[in-house]
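**Student:** This structure is in structure tokens; I'll ask about it shortly.
Where a number appears in this text, it was derived from the coordinates with a stated rule and is not lab data. None of these values were measured; they are calculated from a predicted model. Positions of Cβ are backbone-derived with ideal geometry, glycine not excepted, and every protein chain shown enters the neighbour counts.
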Amino acid sequence: MDRPLSRRFDPIDFEYMRFWVQLSAAAHLQAMLDAREFTLGAIRSRVRRLYPDVPPETLGLKIVEEIARGDRAYTRPASVL
């Protein structure tokens, strides 16, 4: 069941938005790269825990499979438009 529109999204953090706007383009890019590295590390750790005996050559393929599986998962509410 859909929640009312006013409860569908988290409230905006204006302090965070003011901080983000002050950053340079290079700082934005670095933050995105850091987030990507953290996420990939978490996925890599999960795959290693699930498949401890997989050789390193195959581990990369398992990581790609895990990311593809996540792409197919429906995790966000439908667009309001």
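**Student:** If you stretched the chain out fully between Thr58 and Arg46, how much longer would it get, using 0.36 nm times the residue separation minus the C-alpha to C-alpha distance?
**Tutor:** That pair, Thr58 and Arg46, stretches by 2.9 nm at full extension.
**Student:** Could you tell me whether the range 25-73 comes out rounded, prolate or oblate from its Cα gyration tensor? Rule is a ≥ b ≥ c as square roots of the eigenvalues, rounded for a/c under 1.5, then prolate if a/b exceeds b/c, otherwise oblate.
**Tutor:** It comes out prolate by the Cα gyration axes.
**Student:** Would you work out the charge dipole size for the range 25-73 about its Cα centre, treating the Cβ of every Lys and Arg as +1 and the Cβ of every Asp and Glu as -1, and quote it to the nearest 20 debye?
**Tutor:** Magnitude of the dipole: close to 160 debye.
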